[in-house]
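Chemist: Can you read through this structure? Questions will come right after.
Where a number appears in this text, it was derived from the coordinates with a stated rule and is not lab data. Keep in mind it's a predicted model, so treat the numbers as computed, not measured. Glycine also receives a Cβ, built like all others from the backbone with ideal geometry; neighbour counts cover every protein chain displayed.
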Amino acid sequence: MGVIAGFAVPHPPLIIPAVGRGEEKQIQKTIDAYYEVARRIKQLAPEVLVVSSPHAPLFRDGFHVAVDREFSGSMADFHAPQEKVSVEGDVEFARAIIDAAAEADIPAGPYGGRNLALDHASFIPLWFLQQVGFSAPIVLMGFSGFPFNVHYRFGRIIASVADRLDRRAVWVASGDLSHKQKADGPYGYVPEGPEFDRQICEIFASGELDRMADFDESFADAAAECGLRSFMLMAGALQGKPIDAELLSHQATFGVGYGVASFIVKGQADGESAEKPEGGIA
């Protein structure tokens with residue numbers, strides 16, 4: 001079956017009411033879009049979720065891919081320990097990814113250790129899914145210090161593993177956009193901030209995800225983004241598939257960009273499959 005959809009989602013802790021304590025109402029459009037993503041994933045009924053997180057263990061020269069049988073976490077670090085999530089891990093899929101990466105000379109493995117608590121960027125999308133009554137086993141992974149094109153290639157490898165194992169998989173790409181969009185925001189303002197968000201939103205709306213490879217890394221660094229590598233992994237996994245793309249929301253109320261977008265492979269709503277000619281990033 002393979003990867004049937006991908007979703008780009010942000011991870012501000014205050015989006016959870018017990019953390020936000022009312023502040024979350026200022027990003028209601030983001031909340032509404034997040035619930036829409038959760039409903040769409042539930043409708044797609046994937047057998048596994050691939051979750052890429054900028055707050056999972058990060059290594060300069062390799063990808064952390066967790067091989068745990070169970071994942072759990074809470075928002076205790078944000079003064080809301082009552083908000084908890086527990087999910088199973090798809091160990092077979094995770095180990096197959098690690099093996100396929102080794103064949104492609106891409107270092108991947110449980111480099112960050114075992115039995116780690118869910119980081120908040122992984123926790124938040126799983127929490128929204130929990131709110132709509134859906135859960136599925138996950139494969140949890142982090143980024144690396146490798147260039148963007150390596151992340152894209154790794155995404156393609158993961159998609160090929162999903163095909164081989166006949167997993168009905170959905171990619172959840174957690175990542176905020178620019179953190180520098182308001183002079184009075186927590187990280188200040190630079191012109192690259194809103195420009196980065198403008199370009200990403202344009203790409204999300206068009207579904208032309210390969211265009212993210214055109215970003216200069218110095219531009220992305222100046223914008224202080226944290227999601228681009230997550231989105232590149234997802235883009236690689238969706239390469240060669242015709243998608244219905246939709247930008248569901250974008251806000252930068254607090255000076256940090258929150259984008260929510262949906263990329264569903266055409267025909268998947270009624271169980272069909274479709275592919276388009278090979279292309280994408282080398």
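Chemist: Please give the calculated 222 nm ellipticity per residue for the chain, where each DSSP H segment of at least 4 residues contributes -39500 (n - 2.57) and the sum is spread over every residue; nearest 500 deg cm²/dmol? Please report the intermediate quantities before stating the final value.
Modeler: On the way: 8 runs with 97 residues, N = 282.
That comes out to -10500 deg cm²/dmol.
Chemist: Another question about this same structure. Please enumerate, by chain and number, the lysines with C-alpha under 25 Å from the C-alpha of LYS266, excluding those fewer than 8 residues away in the same chain.
Modeler: Partners found: LYS42, LYS241, LYS276.
Chemist: Rounded to the nearest angstrom and ordered from largest down, what semi-axes does the equivalent ellipsoid of region 27-74 get from its C-alpha gyration tensor (root of 5λ)?
Modeler: After scaling each eigenvalue by five and taking roots: 26, 16, 11 Å.
Chemist: Can you pull the one-decimal nm distance between simple spin-label points at ASP163 and VAL91, each 7 Å off the Cα toward Cβ?
Modeler: In this crude spin-label approximation the distance works out to 2.8 nm.
Chemist: Once each part is reduced to its C-alpha centroid, what is the distance from region 210-264 to region 1-53 in angstrom?
Modeler: 15 Å
Chemist: Relative contact order for the chain using alpha-carbon pairs under 8 Å, separation at least 6, rounded to a whole percent?
Modeler: Across the chain, relative contact order equals 28 percent.
Chemist: Is the shape of region 115-175 best called rounded, prolate or oblate, per the rule: a/c under 1.5 gives rounded, else a/b larger than b/c gives prolate, else oblate, with a ≥ b ≥ c the square roots of the Cα gyration tensor eigenvalues?
Modeler: oblate
Chemist: Another question about this same structure. Sort 4-16, 225-237, 158-170 by the packing proxy (mean of other Cβ within 10 Å over each peptide's residues), most packed first.
Modeler: Highest to lowest by the protection proxy: 225-237, 4-16, 158-170.
Chemist: Would you please put 183-191, 65-73, 81-89 in order of how densely packed they are, using the mean number of other Cβ atoms within 10 angstrom per residue and starting with the highest?
Modeler: Per-residue Cβ counts within 10 Å, averaged per peptide and sorted highest first, yield 65-73, 81-89, 183-191.
Chemist: Could I ask something else about it? To two decimal places, what compactness ratio does region 186-253 give when its Cα radius of gyration is scaled by 2.2 N^0.38 Å?
Modeler: 1.14
Chemist: Next question. Across all directions of projection, what mean area in square nanometres is found for the Cα convex hull of region 38-151?
Modeler: 7.4 nm²
Chemist: Kindly write out, for region 164-178 in residue order, the coupling ³J(HN,Hα) from the Karplus curve 6.51 cos²θ - 1.76 cosθ + 1.60 (θ = phi - 60°), rounded to whole Hz, with x marking Gly and Pro.
Modeler: So the J values, rounded to whole Hz, are 5, 7, 6, 8, 7, 10, 10, 9, 10, 9, 7, x, 7, 8, 5.
Chemist: Stokes-Einstein diffusion coefficient for the chain at 37 °C in a medium of 0.692 mPa s, Rh from the Kirkwood formula over Cα pairs: what value in µm²/s? Present the calculation step by step, with values, prior to reporting the outcome.
Modeler: Details: Rh = 18.5 Å.
Using the Kirkwood radius from Cα pairs, D works out to 177 µm²/s.
Chemist: Sequence-distant or interchain residues sharing an amide H contact under 5 Å with VAL3, placed H: which?
Modeler: HN-HN under 5 Å from VAL3: ASP163, ALA169.
Chemist: Show me, for region 82-94, the HN-Hα J-couplings you get by feeding each phi into the Karplus relation (A = 6.51, B = -1.76, C = 1.60, θ = phi - 60°), rounded to Hz, glycine and proline as x.
Modeler: 6, 8, 10, 9, 9, 9, 7, x, 8, 5, 4, 5, 4
Chemist: Excluding same-chain residues fewer than 8 positions from LYS182, which lysines have a Cα within less than 17 Å of its Cα?
Modeler: none
Chemist: Please give the charge dipole size of region 57-171, origin at the Cα centre, charges +1 on K and R Cβ atoms and -1 on D and E Cβ atoms. Round to the nearest 20 debye.
Modeler: 140 debye
Chemist: If you don't mind, there's one more thing I want to ask. Would you mind computing, in nm to one decimal, how far apart the modelled labels at PHE219 and ALA102 are, each placed 7 Å from Cα along Cα→Cβ?
Modeler: The modelled label-to-label distance comes out at 3.9 nm.
Chemist: Aspartates and glutamates near LYS25 by alpha-carbon distance under 17 Å, same-chain residues fewer than 8 away left out - which ones?
Modeler: GLU36
Chemist: What FRET efficiency comes out for ASP32 versus GLU70 if R0 is 25 angstrom and r is the Cβ-Cβ distance? Round to the nearest 0.05.
Modeler: Given R0 = 25 Å and the Cβ-Cβ separation, E is 0.20.
Chemist: Select from ALA121, VAL87, TYR187 the residue farthest towards the positive end of the dipole of the chain; place +1 on Cβ of Lys and Arg, -1 on Cβ of Asp and Glu, and compute about the Cα centre.
Modeler: Positive-most Cα among the choices belongs to VAL87.
Chemist: Ok, one more. For a quick check: with amide H placed at 1.01 Å from N, whose amide H comes under 5 Å from ASP119's, ignoring anything fewer than 5 positions away on the same chain?
Modeler: Distant-sequence amide H within range of ASP119: zero hits.
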